[in-house]
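Contents: one structure, followed by commentary.
Every number here is computed from the coordinates shown, using simple stated rules; none is lab data. Everything numeric in this text was worked out from a predicted model, so none of it was measured. A quick note on method: Cβ atoms are made from the backbone with ideal geometry, for glycine too, and the neighbour counts reach across all protein chains shown.
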Amino acid sequence: MNGVAIYSLLACLSTLAGGSLPLRHKTLSRKSIWRFLSLGSGLLLSVCFMALAPEAFPRDPLRAGWGALAAFALLFSLESYTLMHSCPEYLEECPIHIVGWMALVALGGHSFLDGFHIAVAFQAADPIGPTASLALSLHKFADGLTLVALFSGAGFSFKGKVGLLAGLASLTPLGAWISQSQIQNFSPAALAGLIGFTTGSFLYIAAADILPRIHRLRDSTCLLLFVAGLFSVALLRWAI
């Protein structure tokens, strides 16, 4: 198995592992989940600024910039009109969670895109693929946990929750496999746009939901974990 297959499978297993906690009636407090997400968000931002962006922009600054802008605009638009990202939907105080077909399609697209991001990261310089994939896998654990909690709140049966969780998790390696087969022969300029797109996606996922929460709650542990993640890739690259 190559790196893309291994790390996309790791992201899939991380989603399933997170989802298994509420399925087994083992729960984490919302405060604990936010702290977990704070560390993951710091890691994603660290990957953005210390790995992906320095790789994308020297290849073709304009295409990299357009790629990042397109990703940010796309994810913002999707999240504005449908349930694309499960974490804030569950972690905020909300008495009713409606998970219709459009929401499931959006969540599936989000999982598929995560596989795409893994494939793109492995097309960049050597240490970037594993680093970006590990950061994403940490985020996927919390995603799996909150997905199942969200499905429970929407009234799905046990079999329904298991089936939906497995289906959404499997879309990540599927997205990685399809994307890897398509992008291997892309030109450097086109690849710059794709890496820019992944950079913008990570930036949105990391910043849009978590940072406002950290500012609002002023949880010192969240802040410390976020900062630790933020400098992690810089320290790792300095060490090697």
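Model label sites at Val105 and Ser32, defined 7 Å from Cα along the beta-carbon direction, differ in position by 3.7 nm.
Can you tell me how much longer the chain between Ala70 and Leu21 gets when fully stretched, taken as 0.36 nm per residue apart minus their C-alpha distance, in nm with one decimal?
14.1 nm
Could you order peptides 165-177, 42-54 by the average number of other Cβ atoms within 10 Å of their residues, highest first?
Ranking, from highest mean packing down: 42-54, 165-177.
Taking a straight Cα-Cα cut-off under 21 Å and skipping sequence neighbours fewer than 8 places away in the same chain, the lysines within cross-link reach of Lys31 are Lys140. Sparsely packed loop sites in segment 1-79 (the trypsin sites (Lys or Arg not before Pro) outside DSSP H, G, I, E and B with at most 13 other Cβ atoms within 10 Å) comprise Arg24, Lys26.
Taking label points 7 Å from Cα along the Cα-to-Cβ direction, Ser157 and Phe49 give a separation of 4.9 nm.
For Ala228 and Trp177, calculate 0.36 nm times their separation in residues minus their Cα-Cα distance, and state this gained length in nm to one decimal.
Details: separation 51, 0.36 × 51 = 18.36 nm, distance 3.16 nm.
Using 0.36 nm per residue and subtracting the Cα-Cα distance, I get 15.2 nm.
Applying 0.36 nm per residue to the separation of Ala5 and Ala189 and subtracting their alpha-carbon distance, the gain on full extension is 63.8 nm.
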